[in-house]
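Participant: If you scroll down you'll find the structure; I have some questions about it.
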C-alpha cells in the first residue's frame, strides 16, 4: 500500500505561526540582558548594625583643622606632622575610640588630608568624618 503525492498539489501546508513566540523570546532575552549587569556590578560594604550602635553624648570628639598653609591644628594649637602622628597614636590606644572631625581649608592641599587619612587608617581609627565647614 503505497501513498502517492501529486507534485502540483494546491492544498496549503498547515504549520504553527512562530512569530509571536519569537517576539516573546526576544523580549525575555532583552530583559535578561538588562538585569544581569546590575547584579554583577554590586559593591559589598560593611554597614554598621543598628542594634549595636548606641548614641552616646559623652563620646570624645577631636576636631583637626587643616589650615590654608597645610598645618594641622587641634584645639587651636598648631602641630607638626610628627606631633600629629603621636597624637593620633595616643587616640588609637585610648579605650574608647574618639570621633575625629577633619575640617580642611578650601586652599589646603589634598596631600595633607590624604596623609592624615592614611595615618588614621594605619592606626585603625574608624570614626572619622570630613567637615566642609558649611554648617
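Participant: From 15, 11, 42, 54, grab the single residue that is modelled with pLDDT of 80 or more, loosely packed, with under 10 Cβ neighbours inside 10 Å and part of a loop (DSSP other than H, G, I, E, B).
Facilitator: Being modelled with pLDDT of 80 or more, loosely packed, with under 10 Cβ neighbours inside 10 Å and part of a loop (DSSP other than H, G, I, E, B) holds for just one of 15, 11, 42, 54, which is 15.
Participant: Please report, ordered by residue number, the strands (runs of 3 or more DSSP E) entirely within segment 70-135 with at least 3 residues that are in contact (Cβ under 8 Å) with a residue 24 or more places away in the chain and touching a strand residue (DSSP E or B) at 6+ places or on another chain (Cβ under 8 Å).
Facilitator: By residue number, 99-104, 128-130.
Participant: Test residue 78 against the criterion of being loosely packed, with under 15 Cβ neighbours inside 10 Å, on the phi < 0 side of the Ramachandran plot and modelled with pLDDT of 85 or more, and give yes or no.
Facilitator: Yes.
The values are calculated or read from the model by the stated rules, or taken from the named source; none is laboratory data. As the structure is a prediction and not an experimental result, all values here were calculated from the model. With ideal geometry, Cβ positions are generated from the backbone for all residues, glycine too; neighbour counts draw on all protein chains shown.
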